[in-house]
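S.K.: Have a look at this one.
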Amino acid sequence: MTLYIGLMSGTSLDGVDGALAQFHGDAMATIAATYLAFPPALRAELMTLQASGANEIEREALAANQLAQYYAQCVAQLLRESGKQPQDVRAVAVHGQTIRHRPELGFTRQTNNPALLAELCGIDVIADFRSRDIAAGGQGAPLVPAFHQALFGKAGQTRVVANIGGIANISVLRGDGSAIGFDTGPGNVLMDGWIHRHRQQEYDADGAWAASGKLIPELLSALLTEPYLALPAPKSTGRDLFHMDWLDARLAAHTQAAPADVQRTLTQYTAVTLADAIKAHGDGADAAYICGGGAYNSVLMDALGRELGTQVMVASTQALGVAPNRVEALAFAWLGYRFSERLAGNLPSVTGAKGDRVLGALYPR
């Protein structure tokens, strides 16, 4: 039996999720899980680094050092909660913070300092999980469908697992063991940006602000014209496309709209784009299991349920035994395990890579 720690900080830029998992062959058990919020200054700098700016190479390096410090704190917290020592853990598998994702140009960039993290933790660190898939002609994302297949797949039954983080993605896990998946479009990223602009809040807790507003059908129709939505899979996206300037351009014809109504419409936009992808690709699935922060937004979950209708039940991954906010951190613990065993971590049917690839790079303690 071996122990791995997975660390994930996603497009929402809110903080880092950590999970300590035990592996015995292909069987995995969660030992501990935790969350550490980013301080406002670090979150603001990571947000600024999403676009080019003055002195960005130095600023990114300094932000990476700060990230390593917070990752190390998260590791220490997991060790304390589990009663484990650094020598008990085979490796820390860390995603880093995506600041650019341009697979069409042959690169993706996850800010991180894994060498510093290894120094701080005294544990081997595995990082840089996306670049090998991109080198093999893939999108480098989403990576979680391979984990979803391993954890949630069931022989003879088609299941859909959807992660709603900053960006939303789906995994269609077929009963024959095959799987497809892709980024469907915005998850929380536009909703988070809009509420931060108008109410200085990081996210719309349980969709309460959206619930106070009314849908703007014309705005929803304008949002749905985004060409990315019609692209065939494999495909992936991020803040490089879905950002506040993108939203502002589509709001130009709705300058008098009440902010709460825009929030309600953005929530519906995430629900519609996700439901459309599930209906188009999830033939035979009678349930969609949701993970990520969006699973805790009841307004969004209800909207998704209405869009999918009575034929597809909407539930969180808690129904499958895993808390929605733990899935991605566990996915990276699993990817770390796969790297150590020299097993493929990607699914070419999802990313479009030329074949199976071992993902990651090792920074020994």
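The values are calculated or read from the model by the stated rules, or taken from the named source; none is laboratory data. Predicted model only: the values in this text are computed from it and were never measured. Glycine also receives a Cβ, built like all others from the backbone with ideal geometry; neighbour counts cover every protein chain displayed. For accessibility, only protein heavy atoms count, side chains too; no ligands or nucleic acids. Shrake-Rupley method; radii C 1.70, N 1.55, O 1.52, S 1.80 Å.
S.K.: By how many nm would the segment from GLU56 to ASP88 lengthen if fully extended, with 0.36 nm per residue of separation less the alpha-carbon distance?
M.R.: Taking 0.36 nm per residue and subtracting the Cα distance, the gain is 7.8 nm.
S.K.: Can you sort HIS281, HIS101 by 1.4 Å-probe accessible area, starting with the largest?
M.R.: The ranking, largest first, comes out as HIS281, HIS101.
S.K.: If amide hydrogens are placed 1.01 Å from N in the peptide plane, which non-local residues have theirs closer than 5 Å to the one on ILE290?
M.R.: Placed amide hydrogens put ALA162, ALA315, SER316, THR317 under 5 Å from ILE290.
S.K.: Ok, one more. Taking Cα pairs under 8 Å and at least six residues apart, what relative contact order does the range 3-42 come out at, in percent?
M.R.: On the way: 64 pairs, mean separation 14.1, N = 40.
Relative contact order, the range 3-42: 35 percent.
S.K.: Now for a separate question. So, with a 1.4 angstrom probe, what is the percent of accessible area on the range 248-365 that is carbon and sulfur?
M.R.: Roughly 47 percent of what the probe reaches on the range 248-365 is carbon or sulfur.
S.K.: Rounded, prolate or oblate: which fits the range 250-365 when a ≥ b ≥ c are the square roots of the eigenvalues of the alpha-carbon gyration tensor, with rounded for a/c under 1.5 and prolate only if a/b beats b/c?
M.R.: Details: a/c = 2.09, a/b = 1.79, b/c = 1.17.
Judged from the Cα gyration tensor, the range 250-365 comes out prolate (a/c at least 1.5, a/b above b/c).
S.K.: If you don't mind, there's one more thing I want to ask. Would you please give the FRET efficiency between GLU341 and GLN69, computed as 1/(1 + (r/R0)^6) with r the Cβ-Cβ distance and R0 = 30 Å, to the nearest 0.05? Provide the component values of the computation, followed by the final result.
M.R.: Working: r = 30 Å, r/R0 = 0.99.
Rounded to the nearest 0.05, the efficiency is 0.50.
S.K.: For a test of the definition: using alpha carbon positions, the gyration tensor, and the 1.5 limit on a/c, classify the range 56-159 as rounded, prolate or oblate.
M.R.: Oblate, because a/c is 1.5 or more while a/b does not exceed b/c.
S.K.: While we're looking at this one, here's another question. Do you know the relative contact order of the range 1-149, to the nearest whole percent, from alpha carbon pairs under 8 angstrom that are 6+ apart? Walk me through the numbers on the way to the answer.
M.R.: On the way: 248 pairs, mean separation 34.1, N = 149.
Contact order relative to length: 23 percent.
S.K.: Checking the cross-link filter: which lysines have an alpha carbon closer than 17 Å to that of LYS354, excluding same-chain neighbours under 8 positions apart?
M.R.: Straight-distance partners of LYS354: LYS235.
S.K.: Determine the gain in length on full extension of the stretch SER298-MET47; use 0.36 nm per residue of separation and subtract their C-alpha separation, reporting nm with one decimal.
M.R.: 87.7 nm
S.K.: Based on the alpha-carbon set only, what is the convex hull volume of the range 188-243 divided per residue, in Å³?
M.R.: 107
S.K.: Take each of the peptides 301-310, 328-337, average the number of other beta-carbon atoms within 10 Å over its residues, and list them starting from the highest.
M.R.: Highest mean packing first, the order is 328-337, 301-310.
S.K.: Rounded to the nearest 500, what is the chain's calculated 222 nm mean residue ellipticity when only DSSP H runs of at least 4 contribute -39500 (n - 2.57) each, over all residues?
M.R.: Mean residue ellipticity at 222 nm (helix-derived): -11500 deg cm²/dmol.
S.K.: What Kirkwood Rh does the chain have if only Cα atoms enter the pairwise 1/r average? Answer in Å.
M.R.: 20.6
S.K.: Let me ask you something else. Residue by residue, what Karplus-based ³J(HN,Hα) values in Hz, rounded to whole numbers, does the range 93-103 have, using 6.51, -1.76 and 1.60 with θ = phi - 60° and x for Gly and Pro?
M.R.: 3J(HN,Hα) across the range 93-103, in whole Hz: 9, 10, 6, x, 10, 5, 10, 8, 9, 10, x.
S.K.: So what's the projected area for the range 1-110, the Cα convex hull averaged over all directions, in nm²?
M.R.: In nm², the orientation-averaged hull projection of the range 1-110 is 8.2.
S.K.: Report HIS243's accessible area, 1.4 Å probe, all protein chains in place, as a number in Å² to the nearest 10.
M.R.: Spelled out: HIS243, probe radius 1.4 Å, area about 70 Å².
S.K.: Could you calculate the contour length gain from LEU231 to GLN77, that is, 0.36 nm times the residue separation minus the distance between their Cα atoms, to one decimal place in nm?
M.R.: Working: separation 154, 0.36 × 154 = 55.44 nm, distance 4.19 nm.
Length difference between fully extended and current span is 51.2 nm.
S.K.: Moving to a separate point now. Please report the relative contact order for the chain, taking Cα pairs under 8 Å with a sequence separation of at least 6, and give it as a percent rounded to a whole number. Kindly include the intermediate steps, with their values, before the conclusion.
M.R.: Numbers: 793 pairs, mean separation 80.7, N = 365.
Here the relative contact order equals 22 percent.
S.K.: Classify the range 98-163 as rounded, prolate or oblate from the Cα gyration tensor: take a ≥ b ≥ c as the square roots of its eigenvalues, call it rounded if a/c is under 1.5, otherwise prolate when a/b beats b/c and oblate if not. Don't skip to the answer; put the middle values down first.
M.R.: On the way: a/c = 2.86, a/b = 1.42, b/c = 2.01.
Because a/c hits 1.5 or more and a/b fails to exceed b/c, the range 98-163 counts as oblate.
S.K.: How do ILE57, ILE170 stack up against each other in accessible area, from largest to smallest, with a 1.4 angstrom probe?
M.R.: Correct descending sequence by accessible area is ILE57, ILE170.
S.K.: Moving on. If you count only protein heavy atoms with a 1.4 Å probe, what accessible area per residue comes out for the chain, rounded to a whole Å²?
M.R.: Accessible surface, normalised per residue, equals 41 Å².
S.K.: Then there's this: Based on the Cα coordinates of the range 166-308, what is the per residue volume of their convex hull in Å³?
M.R.: 104
S.K.: Let me ask you something else. Measuring from label point to label point, each 7 Å out along Cα→Cβ, what is the ASP283 to MET1 span in nm?
M.R.: Result: 4.4 nm between the two label points.
S.K.: Right, here's the next one. How large, in percent, is the carbon and sulfur part of the accessible surface of the range 65-221 at a probe radius of 1.4 Å?
M.R.: Carbon-and-sulfur percentage of accessible area, whole number: 45.
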